[in-house]
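The values are calculated or read from the model by the stated rules, or taken from the named source; none is laboratory data. For clarity, every value in this text was computed on a predicted model and none was experimentally measured. Virtual Cβ from ideal backbone geometry, glycine too; neighbours counted across all protein chains shown. Quick note on the areas: whole protein, heavy atoms, side chains included, nothing else; ligands and nucleic acids left out. Shrake-Rupley method; radii C 1.70, N 1.55, O 1.52, S 1.80 Å.
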Amino acid sequence: YGGKAKIYSFGYVITDQNFNMLCPPEDILINPDSKFDPYVKKNILVYDRTLLKSMPKFNERYVTIKKLMTAKDVICLGYGIDNDLKFLSDECERYELKKIKAKVYDVQKIIKAVEQKPARKLNIEFTERFGEQEEKPHRSDIDAVLTMMVCKNVLEKVNKTPVQVYKEENIK
């Protein structure tokens with residue numbers, strides 16, 4: 001709304017360089033302090049709006065998110081990450097916070113460079129359950145795990161890191 005994205009969740013999973021999860025995935029819930037887009041309400045939102053309204057706003061979650069994204073020796077991976085980065089930028093601007101500058105790599109671009117085929121054709125098995133709301137298409141913590149699994153699968157095939165693929169393929 002108002003031409004700016006609003007964030008209601010920030011999902012992540014922390015792994016080592018071999019993609020072994022170091023802790024359970026988490027979805028940091030955020031009060032978007034805004035109306036929900038009708039499409040989001042109907043098709044994407046997995047959390048009760050009353051619950052989200054009771055959560056801290058983005059400016060109260062900013063320090064935690066910034067620490068996660070900018071900690072030493074951390075790289076951030078996301079699938080189609082440009083939208084997520086725009087959402088973060090919009091929220092930083094909205095709350096007059098310094099933009100988060102992190103080392104970010106797009107798994108979609110890595111797949112294109114390495115596989116030359118869409119991720120849906122990869123053989124990824126995902127059997128873990130994350131609560132009873134898994135039938136909805138977008139829970140940020142689940143998205144984080146799936147993104148990690150796709151990236152791991154692709155990079156294992158070529159025995160490279162995201163940084164190596166970006167450098168060798170001259171990805172911007």
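Here's a check for you: in segment 89-109, which residue that is among the hydrophobic types (A, V, I, L, M, F, W, C) and outside any loop (DSSP other than H, G, I, E, B) is farthest from GLU169 (Cα to Cα)?
Across segment 89-109, the extreme among qualifying residues is CYS92.
Every residue in segment 51-83 that is under 13 Å from the mean Cα position of the chain (by Cα) and either open to solvent by 70 Å² or more (accessible area, probe 1.4 Å) or β-branched (Val, Ile, Thr) (or both), please.
ILE65, ILE75, TYR79, ILE81, ASP82, ASN83
Residues that are outside any loop (DSSP other than H, G, I, E, B), without any contact (Cβ under 8 Å) to a residue 12 or more places away in the chain and of a type in the set (Val, Ile, Thr): does segment 67-82 have at least one?
Checking segment 67-82: not a single residue is outside any loop (DSSP other than H, G, I, E, B), without any contact (Cβ under 8 Å) to a residue 12 or more places away in the chain and of a type in the set (Val, Ile, Thr).
Tally time: how many residues in segment 149-172 are part of a helix (DSSP H, G or I), open to solvent by 60 Å² or more (accessible area, probe 1.4 Å) and not charged (D, E, K, R)?
Residues in segment 149-172 being part of a helix (DSSP H, G or I), open to solvent by 60 Å² or more (accessible area, probe 1.4 Å) and not charged (D, E, K, R): 2 in total.
Just to check your reading of the model, which residue among LYS86, LYS112 is in a helix (DSSP H, G or I), open to solvent by 30 Å² or more (accessible area, probe 1.4 Å), out of contact with any Ser or Thr (no Cβ under 9 Å at 6 or more places or on another chain) and over 19 Å from ALA144 (Cβ atoms)?
Only one candidate passes the filter, namely LYS112.
Any idea which of PRO32, PRO38 is open to solvent by 30 Å² or more (accessible area, probe 1.4 Å) and of a type outside the set (Ser, Thr, Tyr)?
Answer to the selection: PRO38.
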